[in-house]
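*Asks:* Can you keep this structure in mind? I'll have questions shortly.
The values are calculated or read from the model by the stated rules, or taken from the named source; none is laboratory data. Source: prediction; values computed, not measured. Cβ placement follows ideal geometry from the backbone for every residue including glycine, while neighbour counts extend to all protein chains displayed.
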Amino acid sequence: MKMHPSLLLALIGSLLFSGIRVVSAHAFLEKADPAVGSEVSKRPTQVKIWFTEKLEGALCRIQVFTAANQEIDRHDCRVDPQNPTLLEVSLPPDLAAGTYQVVWKAVSVDTHTTTGKFTFTVKG
Ligand SMILES: [Cu+2]
């Protein structure tokens, strides 16, 4: 059986592409609690971020800032001992209403670093 050249090319391309994806399996944000861009009425006591890859705990970070750019997290960011893809940080109790910015840095076990930020709003 003779394979059409374009089909062969597509096959090689897809093999290469899947290979590249395995090599560069970075930790991307999968979901967060409070959710990205959400408005919540219950005061969160933690920010949790689930990633697509297992994390290298010592190098990961979550920081939470007020609209006035004041850091309010408790500086206790850690990978959940039960779940190597979950990063969490504590917040002070009774957060004031307002919009908060979450800045994260994740280092996956393959040592690739990804960063990102998002906001959530605590309703008054
Ligand atoms: Cu990677």
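*Asks:* Taking only the range 40-59 into account, find how many residues are touching a Lys or Arg at 6+ places or on another chain (Cβ under 8 Å) and either at pLDDT below 95 or loosely packed, with under 12 Cβ neighbours inside 10 Å (or both).
*Replies:* 3
*Asks:* Considering each residue of the range 80-101, count those that are within 12 Å of Lys48 (Cα to Cα) and either within 16 Å of the ligand (Cβ to nearest atom) or in contact with a His (Cβ under 6 Å, 6 or more places away or on another chain) (or both), and give that number. Let's see the steps before the verdict.
*Replies:* Here is the first cut: in the range 80-101, the residues within 12 Å of Lys48 (Cα to Cα) are 80, 83, 85-91.
From what's left, either within 16 Å of the ligand (Cβ to nearest atom) or in contact with a His (Cβ under 6 Å, 6 or more places away or on another chain) (or both): 85, 87.
Here the count works out to 2.
*Asks:* List pairs: first residue in the range 54-70 and farther than 15 Å from Pro44 by Cβ, second residue modelled with pLDDT under 95 and of a type in the set (A, V, I, L, M, F, W, C) anywhere in the structure, Cβ distance under 8 angstrom, at least six positions apart or on different chains.
*Replies:* Note: pairs meeting the criteria are Lys54/Val109; Leu55/Val109; Glu56/Val109.
*Asks:* List the number of the failed condition for Ile12; all other conditions in (1) under 20 Å from the mean Cα position of the chain (by Cα); (2) at pLDDT below 95 hold.
*Replies:* (1)
*Asks:* Can you work out which of the residues in the range 74-124 that are touching a Gly at 6+ places or on another chain (Cβ under 7 Å) and farther than 20 Å from Ser41 by Cβ is surrounded by the most Cβ atoms within 10 Å (Cβ to Cβ)?
*Replies:* Trp104
Yes or no, residue by residue, for (1) touching a helix residue (DSSP H, G or I) at 6+ places or on another chain (Cβ under 7 Å); (2) more than 16 Å from the ligand (Cβ to nearest atom); (3) closer than 18 Å to Asp33 by Cβ:
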{"position": "Phe65", "(1), (2), (3)": "no, yes, yes"}
{"position": "Asn69", "(1), (2), (3)": "no, yes, no"}
{"position": "Arg78", "(1), (2), (3)": "yes, yes, yes"}
{"position": "Val103", "(1), (2), (3)": "no, yes, yes"}
{"position": "Lys117", "(1), (2), (3)": "no, yes, yes"}
